[in-house]
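Every number in this text was worked out from the coordinates using simple rules, so none of it is lab data. The model shown is predicted, which means the values in this text are computed figures rather than measured ones. Note: ideal-geometry Cβ built from the backbone for every residue, glycine included; neighbour counts use all protein chains shown.
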Amino acid sequence: LIARLAALLLMAVGAAQAYYHFIRYADREGQRIALVQKFDLSALPVKTIRYYIADPGPERLAANDSLSSLLSQIRLAARQWDEVESSELRVRYGGRIDPGSLPEDTPAIEVLFDELPPGLLALGGPVTVADPPAGAAFLPIQRSQIVLPNDFTSFPSFAESTYLTMVHEFGHALGLQHTLTSSVMATQLTRAVTKGQALAADDIAGVSILYPTRTFQTSLGAISGRVTQGGAGVVLASVTALSPAGLAVSALTGPDGAYRIAGLPPASYQVYVQPLPPAQTGESSPGNIVLPLDPDRRPIQPSAAFETQFFPNARELSGAGAIPVTAGSTVENVNFSVTARREPMRLYNVSTFGFPAQVAVRPAPINVNGTRNFFVATGQGLLTAANQPVTGLRASVAGGATTVTAIGTYSPGYLRFDLGFSPDSGEGGRHLVLSTAAETYIQPNAFRLTARQPPAITELARAGDGSVTILGSNIDSRTAILFDGVRALPQTAEEGRLTVIPPPGANSHRAAVVAINPDGQSSLSVQGDSPSTYLYDNPDSPSFALSPNAIAPGTETVVEVTGTGTAFQEGWTALQFSSPHIAVKRSWVLSPTRLLAQIAISPSASGAVAATVTSGLRSATIPNALVLGAEISSASPRLTVAPLAVNPLNGIAFGAPGGQVVFLFPGGIPQVSLAGRTVDVAALGDGIYSVRVPADFPTGPAILRVSQGGNAAVPIVVQIQEAGRIALEAGRTFAAGDTVELAVIGFSELASLLTRPRVTVVVAGVEHPARIVSGTSIEFVLLPSVPAGTQTISVIVDGRPSLGTSITLR
Ligand SMILES: [Zn+2]
């Protein structure tokens, strides 16, 4: 069958809509095009959207919960989207604001607290979109909102469900709709992700289609086709590509029945089409999808429900063909001709639970080495009124290595599914196929196979040096320890014992301490609603000072934060201002009491703003920390330094010891100092100057001060970094598909335990996503689009390229 399919399918590179976003159709030059709602990257400083959290926070919190705890979880939820490597959009915390005070012309996400209808935990999505820029096929989002409840009494901030809802709402705010793949963008009924693995392949594809990096285009593949019934296009059919290893990525068809599933990691996929489930109580449309609008802004309705079908033309999973997807290409003409349903859709929205310990856990984890080889499920169409499985109910698992051995009754409203494993069952999400004589329903990632039990914390032991040792089972060096929404800094580990430095917290703050393993399981699977807690006991009250404290609007410059009693730490500490007119482009922690930040102030800023330093679970604010006044600019004529080489990821100038920094400066030859050292200046003409960085200059951020004739320009930060290098095993040759490990030198950021640098490998101009193996080593998979022969290879870490070297491809 595979050979026949391969002959049938045309391979090509294509570009069209995919996944499912908020869409309005428009007619342009006789063609109907889909306009998706998304943030306009070109209008965002360093491609960063900021979110602002309303001050005050919610009126009521769960027992023993605190606002600091909740805020930390909101920031962690946003960070999930910030860290998607195949998306260019950065998502950063802007600070706390008065609700409604954001200027309309600043694209931003507002997180608000309000009364919500009963049963609704949150809402989110774009609220203001602008007209499309000339020729652009999208509607720029000006404002998105996330509305969280004023009453968090039944939603503790540490709970996985609270957290995943916040991740979900941030997804809506960025432009994503619901999907049927059980990813974080699935509705709560079928969502089957965990805090440890909050984003699934479908979520990553959805956001990356809106804001793609070049590696998204080159390293992933796509499947496209059309769904028809009697020759006519089927509207809003859900087409999903499944890999037995647990990937599921989907798209909805457009008004002509066409679809495109993008963002598929190279693998073999089975593809099926399924109608949207009927609207449930509280939902206004099938699948709870915001319907696309036609050019007259009328909603486009989905086609009537049809029979589920696997490609090519099979009713059962066993008849599904395998479609091989390769990097950078699209498998086209994966077409479906579906038939109308004789009966309404009865089987859908299945929720599953597992029992690793005394607590029911969703999505169901099943330890293949344990004794509880079953999950229980509830959902539409599973049970009869007498609590028996519906007549003829059958279940199978995609991939075949795991089988459903029995379906039986459990407690009222629930069925029990027993599973059988083979040595190939592996780990990860598994797809469940349910069928009766009348219909077939697929629930991607209905349950998760694990090889061991969830982590469990039995004791927190404090040491005199401020460290805390987490004692328990299934805890080791790969376990992440969260204090509320902030990751603790790992120190030493052995099986069952992990020592960490807790993030800073205010005196008497109570943090929920949760262990999360790489398989996505958390200690809450054992401890449920009663996580371990850590009570902070540090009566010192930290404070800080900001310098300078008056800056002219329209300026980009550096500010310095000096703390007293603070514990600044990269990855924990950030500076915010109470005005969206000030963007913190980058900050650097120089010591536990010293932080530098490069800030850009918009020309329309005015007045006095507060500055907040957030460090872990603690924050301190200085009201009126910075005065933004036009009088400042009239008092001293402003001179600016415009560096010619800046890091595209953060907009910061850079240079290497022994290298040069080149900048534009209005006026005659200036005097220049770098971190207080006078440096030689050369005039290159047209107001361009270059300074040489002394060869012995220390690496790190350095303040560049430029003055001329007694007038000083506003200082800026230059990042001084060694030129990074890479090393390959001598004499080895490689082929497409090979995993290549590279030794990297001069990129100390790779060793950071709390921040995640973005790493790309460039071979013959083709960008490859890369994985960090250690502080001195990365690995990547060679893409087929790299031509054979000796090619140049380099690595880019957080926007900073290494020197090139050679790689030989067979
Ligand atoms: Zn939603």
I'd like the FRET efficiency for Val627 and Ser154, computed as 1/(1 + (r/R0)^6) with the beta carbon distance as r and R0 of 41 Å, rounded to 0.05. 0.40
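Calculate the dipole size of region 24-79 relative to its Cα centre from +1 charges on Lys and Arg beta carbons and -1 charges on Asp and Glu beta carbons; express the result in debye to the nearest 20.
240 debye
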Given an 8 Å cut-off on Cα distances and at least 6 residues of separation, report the relative contact order of region 631-759 as a percent. 22 percent
With the contact rule set at Cα under 8 Å and sequence spacing of 6 or more, what percent relative contact order holds for the chain? 9 percent
Remind me, what semi-axes does region 293-396 give for its equivalent ellipsoid, largest first in whole Å, using sqrt of 5 times each Cα gyration tensor eigenvalue? 33, 23, 18
Provide the three semi-axes, in whole Å and in decreasing order, of the ellipsoid equivalent to region 585-737 as defined by the square roots of 5 times the Cα gyration tensor eigenvalues. 32, 25, 15
Go through region 722-735 residue by residue and turn each phi into a ³J(HN,Hα) via Karplus (6.51, -1.76, 1.60, θ = phi - 60°); whole Hz please, and just put x for glycine and proline. 4, 5, x, 9, 10, 9, 10, 4, 5, x, 7, 10, 10, 10
Region 318-353 and region 513-536: distance between their alpha carbon centers, rounded to Å: 37 Å
For region 63-203, what relative contact order do you get, as a whole percent, if you take Cα pairs closer than 8 Å and at least 6 residues apart? 23 percent
Pseudo-spin-label distance Thr593 to Ala401, built 7 Å along Cα→Cβ, given in nm, is 5.6 nm
Search the structure for amide H atoms under 5 Å from the amide H of Phe336, placed 1.01 Å from N in the peptide plane, and list their residues when 5 or more places away or on another chain. Arg226, Val227, Thr228
With only helices counted (DSSP H, runs n ≥ 4, each -39500 (n - 2.57)), the per-residue ellipticity at 222 nm for the chain, to the nearest 500, works out to -2000 deg cm²/dmol
Residues meeting the amide H criterion for Val714 (H placed from the backbone, H to H distance under 5 Å, 5 or more places apart or on another chain) are Leu639, Val641
Length gained, Ser547-Ala279, 0.36 nm per residue minus C-alpha separation, equals 90.9 nm
Whole-Å distance, taken between Cα centres, linking region 23-79 and region 748-810: 31 Å
Mind listing the phi-derived Karplus ³J(HN,Hα) values for region 444-457, rounded to whole Hz, using 6.51, -1.76 and 1.60 with θ = phi - 60°, and x for any glycine or proline? x, 6, 5, 8, 10, 8, 10, 9, 8, 6, x, x, 9, 9
Grab the Cα-Cα distance for Asn333 and Asp296, subtract it from 0.36 nm times how many residues apart they are, and report the gain in nm with one decimal. 10.3 nm
In degrees rounded to 10, the 0-90 angle between helix 160-174 Cα long axis and the longest Cα principal axis of the chain is 70 degrees
Of region 135-168, those with amide N under 15 Å from the point 7 Å along the Cα→Cβ vector of Val127 are 141-150
Relative to a virtual label point 7 Å from the Cα of Arg756 in the Cα→beta-carbon direction, which members of region 181-198 show backbone nitrogen distances below 13 Å? 195-198
Note the angle between two axes, namely the Cα long axis of helix 67-82 and the longest principal axis of the Cα atoms of the chain, as a number of degrees from 0 to 90, rounded to the nearest 10. 80 degrees
Residues Thr733, Thr190, sorted so that the one with the fewest Cβ neighbours within 10 Å comes first: Thr733, Thr190
Mind checking the angle between helix 201-210 and the chain's longest principal axis? C-alpha axes, 0 to 90 degrees, to the nearest 10. 50 degrees
Given a Förster radius of 35 Å and the C-beta distance between Thr790 and Leu664 as r, what FRET efficiency does 1/(1 + (r/R0)^6) yield to the nearest 0.05? 0.35
Report the percentage of all Cα-Cα pairs in region 486-586 whose separation exceeds 21 Å, rounded to a whole percent. 54 percent
Checking the a/c ratio against 1.5 first, then a/b against b/c, what shape does the Cα gyration tensor give for region 73-211? oblate
Stretch Thr805-Leu120 to full length: gain in nm at 0.36 nm per residue minus the Cα-Cα span? 241.1 nm
3J(HN,Hα) from dihedral phi, region 605-621, Karplus parametrisation 6.51/-1.76/1.60, rounded to Hz, x for glycine, proline: 6, 7, x, 9, 10, 8, 10, 10, 10, 9, 9, x, 9, 10, 9, 9, 10
Give me the aspartates and glutamates in straight-line cross-link reach of Lys38: C-alpha distance below 14 Å, same-chain residues under 8 apart excluded. Glu88, Asp131
Translational D (Stokes-Einstein, µm²/s) of the chain at 25 °C and 0.890 mPa s when Rh comes from the Kirkwood sum over C-alpha pairs? 86 µm²/s
Taking only C-alpha positions in region 352-480, Rg and Dmax in angstrom work out to 18.1, 66
In range of the label at Glu741: residues from region 771-790 whose backbone nitrogen is under 20 Å from the point 7 Å along Cα→Cβ: 771-783
So for Glu779, Glu169, fewest C-beta neighbours within 10 Å to most, what's the order? Glu779, Glu169
Fewest-first ranking of Ser303, Ser42, using other Cβ atoms within 10 Å as the exposure measure: Ser42, Ser303
